[in-house]
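What follows is one structure encoded as structure tokens, with my remarks underneath.
The values are calculated or read from the model by the stated rules, or taken from the named source; none is laboratory data. This is a predicted model, so every value here is computed, not measured. Here Cβ is always computed from backbone atoms with ideal geometry, including for glycine, and neighbour counts include all displayed protein chains. What goes into the accessible areas is simple: the full protein's heavy atoms, side chains included, and nothing from ligands, DNA or RNA. Shrake-Rupley method; radii C 1.70, N 1.55, O 1.52, S 1.80 Å.
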Amino acid sequence: MRAEEIRRSYLDYFVERGHTLVPSSPLVPTDDPTLLFTNAGMNQFKDVLLGREKRDYVRATSVQKCVRAGGKHNDLDAVGNDGRHLTFFEMLGNWSFGDYYKREAINWGWEFVTKTLGFPSERLWVSIYKDDDESRRIWRADVGLADERIVPLGDVEKGDEENFWSMGPTGPCGPCSEVHYDMGTDVGCGRPACTVGCDCDRFSELWNLVFMEFDRDTNGKLTPLPFRSVDTGMGLDRVVAVAQGASTVFGTDLFAPYLKWLHDTAGCSYDDPEVRSSMCVIADHIRSLTFALAERAAFGNIGRGYVLRRILRRAVRHGRILGFKEPFLHEMVPIVNRVMGGAYPELSDSVDHVSRAIRLEEERFFITLDRGLERLATAVGEAKAAGQDRLSGEIVFLLHDTFGFPADLTGIIAGENGLGIDLEGYRCEMEKQKTRSRAARRFYDDAARTGEWVNLHMERAGEKTEFVGYDALESEAVVRRYRVSDDQIEMILDRTPFYAESGGQVGDQGHLLIGDHKLSVDDTQRLGDSIVQICMSQSEIDPSALEGPVWAIVDAERRFRIHRNHTATHLLQAALQRVLGEDVRQSGSLVDTQRLRFDFTYDEGVTSAQLAEVERIVNAWVMENHRVIVHSDVPVEEAKKRGAMALFGEKYGDVVRMVEVEGVSLELCGGTHCTQTAEIGLIRIVSESAVAAGIRRIEAVTGMEAYTQMATRDGALREASQFLNTSAPDLPERVQKLQADLKQQSREIRNLKKQIARGGLGDLSVKAEEMHGTSVLVSRVPVEDMESLRQVMDSLRKTHGDGVILLGADVGGKVALLCNVGKQLSKRLSAGDLLGEVAAICAGGGGGSATRAQAGGKDVGRLDDALEKGRALIREALKEQ
């Protein structure tokens, strides 16, 4: 069976058994900031499994696109080293939310594998949690599996969680039963005792059936859940490998097109064990890159962007092994679309964008790779000159972080030069970076909070909070739940006018009136279907007061400032598309009281003229006073037909909310807005910059903030005009003239320095001496910078180039050294080796070729001693003829 047939047959099988077909959620999560990428089929059902969200079905099936290349689940470095791990894969899954349980899940799983797929039952094994007797009985009695083919694993009490699945350290968990396929004795470790649970490739895990029945608290205590659920996951790639008789996942129709392209383009063969691993790495990594970038993820230096950069750089390094000297990965993007586009039609719309983004990143990395090799060579030379036996952890981390060199690659190259690497120091630097990365990520994490939730009005405790803030800024409510932590009180009301942070818009502030108490609401966040008001309390509150009515009041003036900025982002996107092209898409935003930040996809720089035109257009729309119309409860398909713009990768329900700026834009949006564009007042673009490859960022202000910015700049402009004795319109021309004059004066100063340097050459030439028939010039030169020292060397090389020249200088309190050795002499005397020994006397190091070298040092007081040492070494080398 072909992969597409297996994918289709799986979904059909469970739809026929009453499951609702749910599309794959985005690979780039937008509603779960704890995830870099969607890494399992259950991610989109997380709140359902936790009981925070209810849906109109209790059975579901899906094929989820997943990436495991960062965070807790990271298979990046394993790809290519075995035949089963991938960074991108498809997860087939079926779920029961309080409906069927173990018997149906096990029987349906067995029937699908043996009947629909036709896998021989004698090759199938299962594992269960050590004391899951119920599952064992079902496998034996219902399925008829022999007891010796049911392998018990795991022991939570001893810290072994094999066959006991959990969402995290706390939360829903339970035993699981896995279906394994015996790939045969010729695959794997070859040990006679090899069985399920071995780390080799023989027993391939096909399907994991998770039975969630407990809630684990911070102390490890397991409490039965209100309802039990089933969460299953089966990797399509592994199933296809078995169905097509392949010994690894790379031997299937899912990967054949990529391997063929590499064979045809680079002339390499999958049968060659020397290059097979590299071919597998590239074939896997191009899939991850294409799917992530198609959802408008972008290369960057932290978080998700950094993971993508690592994936690309690892693929490029393996491409170098295959002989690629120029960018090549971008040429494989159409192959991904050809293989996967039928199941994921969003790929076809993004081929050009993804290819362009990968090509630009490749071009940058090819340059970086060469620079990295140069930097590594310098580091090796400096370490040797300093008598060190290894490269420092700081250098290893720098090569990893800046140039994309993994520690093992640096270790190999260092080893070739007789050096080791400080792995412990490298790990320390890596941990510092992780700390910085964690600090950069902000989200409301329920599990991280202290204090226990206290439930009030239990009959309504699980219901969704009713948000009334689109139409009202005040409302009466009752407290459903609350908890106290430090000086905060967090409250969930049955209804609220407070907008919870989402879609880039910050949460509302205001206050709650509860009896005689007035609580300041400092932030509003979402927790599943509930809205949490985070309040600061200056005094103790009588808990009985929380059982009565609450009056919730939003800070109206603050909300209005947010309105202006949010509506302005819609105008900004429409204007950018008009000026830069329809390919411009939002990739992120921040809307608060002071400013707006808008990230968008664009591969080129934005010119000042384009930026000015965008600003002119948005302000024209403001002055034209367009109506802002909200369309609620619109079927999502109707919204698409009407051309409503959506944030790619955002999770939308069956019905959506559209915000229309009449005659300007139509977007899917859940935020709050002005009713007329004139309410914005004024829009001023403050800055525009690149934040990642293919991602630009505009920051702007509106209303009085915009007026204040404009007034401040006008004041500075008037002051500068007065200072330079010119008018404001003539100020740019005046500044340009001053810059031209300054450049001319700098050139004249440099020329004078050159003349002064050349003027001393006659005296230097006199210092040349003859050693064993060779002209040797060793001298300290009175110059101010390294460039001047190089100019002196260039001039001397014309008259003494066949001999030996060794020059030293005090440049800003540091030693600078240059050496030149004639080509014929370089067989006996190496400039690089000579300068290495000379620089060591000045507490420095350096290197170069046999004919030319450069070095530096810290101890200027030893410069004359170093030059004398050089003179002695030259004499000794020339004597040995």
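Find all pairs meeting these conditions: Cβ atoms under 7 angstrom apart; at least six residues apart or on different chains; first residue within segment 181-202 and in a loop (DSSP other than H, G, I, E, B); second residue open to solvent by less than 30 Å² (accessible area, probe 1.4 Å) and of a type in the set (D, E, K, R).
Matching pairs, first to second residue: ARG202/ASP182.
I'd like the full set of residues that are at pLDDT 70 or above, assigned to a strand (DSSP E or B) and within 19 Å of the chain's Cα centre (by Cα), limited to segment 70-85.
Within segment 70-85, just VAL79 meets the criteria.
From the list THR702, THR708, exactly one residue is open to solvent by 60 Å² or more (accessible area, probe 1.4 Å), under 30 Å from SER589 (Cα atoms) and of a type outside the set (Gly, Ala, Ser). Which is it? Walk me through it before giving the result.
Numbers: THR702 fails: open to solvent by 60 Å² or more (accessible area, probe 1.4 Å).
None of the others qualify; the one that does is THR708.
Tell me, yes or no, whether segment 814-826 has at least one residue that is assigned to a helix (DSSP H, G or I) and either of a type in the set (S, T, N, Q) or more than 13 Å from ARG871 (Cα to Cα) (or both). Walk me through it before giving the result.
Initial filter on segment 814-826 (assigned to a helix (DSSP H, G or I)): 825-826.
With either of a type in the set (S, T, N, Q) or more than 13 Å from ARG871 (Cα to Cα) (or both) added as a condition, the list becomes 825-826.
Yes: segment 814-826 contains one or more residues that are assigned to a helix (DSSP H, G or I) and either of a type in the set (S, T, N, Q) or more than 13 Å from ARG871 (Cα to Cα) (or both).
Looking at segment 275-299 only, could you name the residues that are open to solvent by less than 10 Å² (accessible area, probe 1.4 Å) and in contact with a Ser or Thr (Cβ under 6 Å, 6 or more places away or on another chain)?
If the condition is that a residue be open to solvent by less than 10 Å² (accessible area, probe 1.4 Å) and in contact with a Ser or Thr (Cβ under 6 Å, 6 or more places away or on another chain), then ASP284, SER288, ALA294 are the ones that fit.
Go through (1) out of contact with any Lys or Arg (no Cβ under 6 Å at 6 or more places or on another chain); (2) open to solvent by less than 20 Å² (accessible area, probe 1.4 Å) one by one and return the number of the condition GLY267 breaks.
It is condition (2) that GLY267 fails.
Quick check on my filter: what residues within segment 571-586 are more than 30 Å from ASP523 (Cβ to Cβ), charged (D, E, K, R) and outside any helix (DSSP H, G or I)?
If we filter segment 571-586 for residues that are more than 30 Å from ASP523 (Cβ to Cβ), which is where we start, we get 574-584.
Still in the list and also charged (D, E, K, R): 578, 582-583.
Result: GLU582, ASP583.
If ILE128 passes every condition in (1) open to solvent by 50 Å² or more (accessible area, probe 1.4 Å); (2) outside any helix (DSSP H, G or I); (3) of a type outside the set (Ser, Thr, Tyr); (4) touching a Ser or Thr at 6+ places or on another chain (Cβ under 8 Å) but one, which one does it miss?
Unmet for ILE128, out of (1) open to solvent by 50 Å² or more (accessible area, probe 1.4 Å); (2) outside any helix (DSSP H, G or I); (3) of a type outside the set (Ser, Thr, Tyr); (4) touching a Ser or Thr at 6+ places or on another chain (Cβ under 8 Å): (1).
Yes/no matrix, rows are residues, columns are (1) surrounded by 19 or more Cβ atoms within 10 Å (Cβ to Cβ); (2) part of a helix (DSSP H, G or I); (3) at pLDDT 85 or above:
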{"position": "ASP763", "(1), (2), (3)": "no, yes, no"}
{"position": "VAL776", "(1), (2), (3)": "yes, no, yes"}
{"position": "PRO782", "(1), (2), (3)": "no, no, yes"}
{"position": "ASP794", "(1), (2), (3)": "no, yes, yes"}
{"position": "LEU806", "(1), (2), (3)": "yes, no, yes"}
{"position": "ASP810", "(1), (2), (3)": "no, no, yes"}
{"position": "ASP833", "(1), (2), (3)": "no, yes, yes"}
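What about GLY144, is it over 30 Å from ARG55 (Cβ atoms) and among the small types (Gly, Ala, Ser)?
Numbers: over 30 Å from ARG55 (Cβ atoms): yes; among the small types (Gly, Ala, Ser): yes.
So GLY144 passes the test.
Considering segment 466-477 alone, what residues qualify as being closer than 17 Å to GLN525 by Cβ and either loosely packed, with under 15 Cβ neighbours inside 10 Å or modelled with pLDDT under 90 (or both)?
Correct list: GLU466 only.
Checking VAL584 against (1) surrounded by 19 or more Cβ atoms within 10 Å (Cβ to Cβ); (2) touching a Phe, Trp or Tyr at 6+ places or on another chain (Cβ under 7 Å): exactly one of these is not met. Which one?
VAL584 satisfies all of (1) surrounded by 19 or more Cβ atoms within 10 Å (Cβ to Cβ); (2) touching a Phe, Trp or Tyr at 6+ places or on another chain (Cβ under 7 Å) except (1).
Could you list, in sequence order, the residues of segment 81-122 that are among the basic types (Lys, Arg) and either under 30 Å from ARG304 (Cβ atoms) or loosely packed, with under 15 Cβ neighbours inside 10 Å (or both)? Give the derivation first.
So in segment 81-122, the residues among the basic types (Lys, Arg) come out as 84, 102-103, 115.
Once the filter is applied, which keeps residues that are among the basic types (Lys, Arg) and either under 30 Å from ARG304 (Cβ atoms) or loosely packed, with under 15 Cβ neighbours inside 10 Å (or both), segment 81-122 yields ARG84, ARG103, LYS115.
Considering segment 818-831 alone, what residues qualify as being open to solvent by less than 40 Å² (accessible area, probe 1.4 Å) and within 18 Å of ALA768 (Cβ to Cβ)? It would help to see each step written out before you state the result.
Within segment 818-831, the subset open to solvent by less than 40 Å² (accessible area, probe 1.4 Å) is 818-822, 825-826, 829-831.
The answer is LEU818, CYS819, ASN820, VAL821, GLY822, LEU825, LEU829, ALA831.
Can you find even one residue in segment 692-701 that is in a loop (DSSP other than H, G, I, E, B) and within 33 Å of the chain's Cα centre (by Cα)?
Taking segment 692-701 as the starting set, the residues that turn out to be in a loop (DSSP other than H, G, I, E, B) are 693-694.
From the residues that got through so far, the ones that are within 33 Å of the chain's Cα centre (by Cα) too are 693-694.
There is at least one residue in segment 692-701 that is in a loop (DSSP other than H, G, I, E, B) and within 33 Å of the chain's Cα centre (by Cα).
Among the residues in segment 688-695, are any open to solvent by 20 Å² or more (accessible area, probe 1.4 Å), β-branched (Val, Ile, Thr) and within 20 Å of GLN577 (Cα to Cα)? Reasoning before the result, please.
Step one: list which residues in segment 688-695 are open to solvent by 20 Å² or more (accessible area, probe 1.4 Å), which gives 688-692.
Now narrow it down to the ones that are β-branched (Val, Ile, Thr): 691.
This time we only want the ones that are within 20 Å of GLN577 (Cα to Cα), so: 691.
For segment 688-695, residues open to solvent by 20 Å² or more (accessible area, probe 1.4 Å), β-branched (Val, Ile, Thr) and within 20 Å of GLN577 (Cα to Cα): present.
Scan segment 587-613 residue by residue and report those that are open to solvent by 30 Å² or more (accessible area, probe 1.4 Å), of a type in the set (Ser, Thr, Tyr) and assigned to a loop (DSSP other than H, G, I, E, B).
Hits for segment 587-613 are TYR602, THR607.
Which of the residues belonging to segment 478-512 are under 18 Å from ASP542 (Cβ atoms), open to solvent by less than 20 Å² (accessible area, probe 1.4 Å) and touching a residue at least 60 places away in the same chain (Cβ under 8 Å)?
VAL479
For segment 140-163, how many residues are at pLDDT below 90, among the aliphatic types (A, V, I, L, M) and assigned to a loop (DSSP other than H, G, I, E, B)?
0
Determine which member of the set GLU382, GLU361, GLU374 is out of contact with any strand residue (DSSP E or B) (no Cβ under 8 Å at 6 or more places or on another chain), in a helix (DSSP H, G or I) and either open to solvent by 80 Å² or more (accessible area, probe 1.4 Å) or at positive phi (or both). Even if it seems obvious, please write down each step before you answer.
Details: GLU382 fails: out of contact with any strand residue (DSSP E or B) (no Cβ under 8 Å at 6 or more places or on another chain); GLU361 fails: either open to solvent by 80 Å² or more (accessible area, probe 1.4 Å) or at positive phi (or both).
Selected residue: GLU374, the only one of GLU382, GLU361, GLU374 that is out of contact with any strand residue (DSSP E or B) (no Cβ under 8 Å at 6 or more places or on another chain), in a helix (DSSP H, G or I) and either open to solvent by 80 Å² or more (accessible area, probe 1.4 Å) or at positive phi (or both).
Do you know which of the residues in segment 164-181 that are over 18 Å from PHE227 (Cβ atoms) and either aromatic (Phe, Trp, Tyr) or modelled with pLDDT under 90 (or both) is most open to solvent (accessible area, probe 1.4 Å)? Spell out the reasoning first.
Step one: list which residues in segment 164-181 are over 18 Å from PHE227 (Cβ atoms), which gives 164, 168-170, 177-181.
Remaining after also requiring either aromatic (Phe, Trp, Tyr) or modelled with pLDDT under 90 (or both): 164, 168-170, 181.
Details: PHE164: 15, GLY168: 13, PRO169: 117, THR170: 50, TYR181: 22 Å².
Across segment 164-181, the extreme among qualifying residues is PRO169.
Among the residues that make up segment 865-877, is at least one of them outside any strand (DSSP E or B), under 48 Å from the mean Cα position of the chain (by Cα) and either modelled with pLDDT under 90 or under 20 Å from GLU784 (Cα atoms) (or both)?
Here is the first cut: in segment 865-877, the ones outside any strand (DSSP E or B) are 865-877.
Next cut, under 48 Å from the mean Cα position of the chain (by Cα) only: none.
No, because not a single residue in segment 865-877 is outside any strand (DSSP E or B), under 48 Å from the mean Cα position of the chain (by Cα) and either modelled with pLDDT under 90 or under 20 Å from GLU784 (Cα atoms) (or both).
Which condition breaks for GLY387 when tested against (1) more than 23 Å from the chain's Cα centre (by Cα); (2) in a helix (DSSP H, G or I)?
Here GLY387 clears every test but (2).
Which condition does ARG559 not pass, out of (1) under 30 Å from GLU476 (Cα atoms); (2) open to solvent by 30 Å² or more (accessible area, probe 1.4 Å), if it passes all the others?
For ARG559, the exception is condition (2).
For ARG616, only one of the following conditions fails: (1) open to solvent by 20 Å² or more (accessible area, probe 1.4 Å); (2) in a loop (DSSP other than H, G, I, E, B). What is its number?
Failed condition: (2).
Scan SER9, SER62 and give me the residue that is polar (S, T, N, Q), at pLDDT 85 or above and surrounded by fewer than 18 Cβ atoms within 10 Å (Cβ to Cβ).
SER9
Restrict the check to segment 307-327 and report whether at least one residue is in contact with a strand residue (DSSP E or B) (Cβ under 7 Å, 6 or more places away or on another chain) and open to solvent by 10 Å² or more (accessible area, probe 1.4 Å). Even if it seems obvious, please write down each step before you answer.
So in segment 307-327, the residues in contact with a strand residue (DSSP E or B) (Cβ under 7 Å, 6 or more places away or on another chain) come out as 307, 311.
From what is left, the residues that are open to solvent by 10 Å² or more (accessible area, probe 1.4 Å) are 307.
Yes, segment 307-327 contains a residue that is in contact with a strand residue (DSSP E or B) (Cβ under 7 Å, 6 or more places away or on another chain) and open to solvent by 10 Å² or more (accessible area, probe 1.4 Å).
Show the residue pairs meeting these rules: Cβ distance below 9 Å; 6+ apart or different chains; first residue within segment 792-805 and under 16 Å from ALA850 (Cβ atoms); second residue assigned to a helix (DSSP H, G or I) and of a type in the set (Phe, Trp, Tyr).
Listed by first residue and then by second, the contacts come to nothing, as the list is empty.
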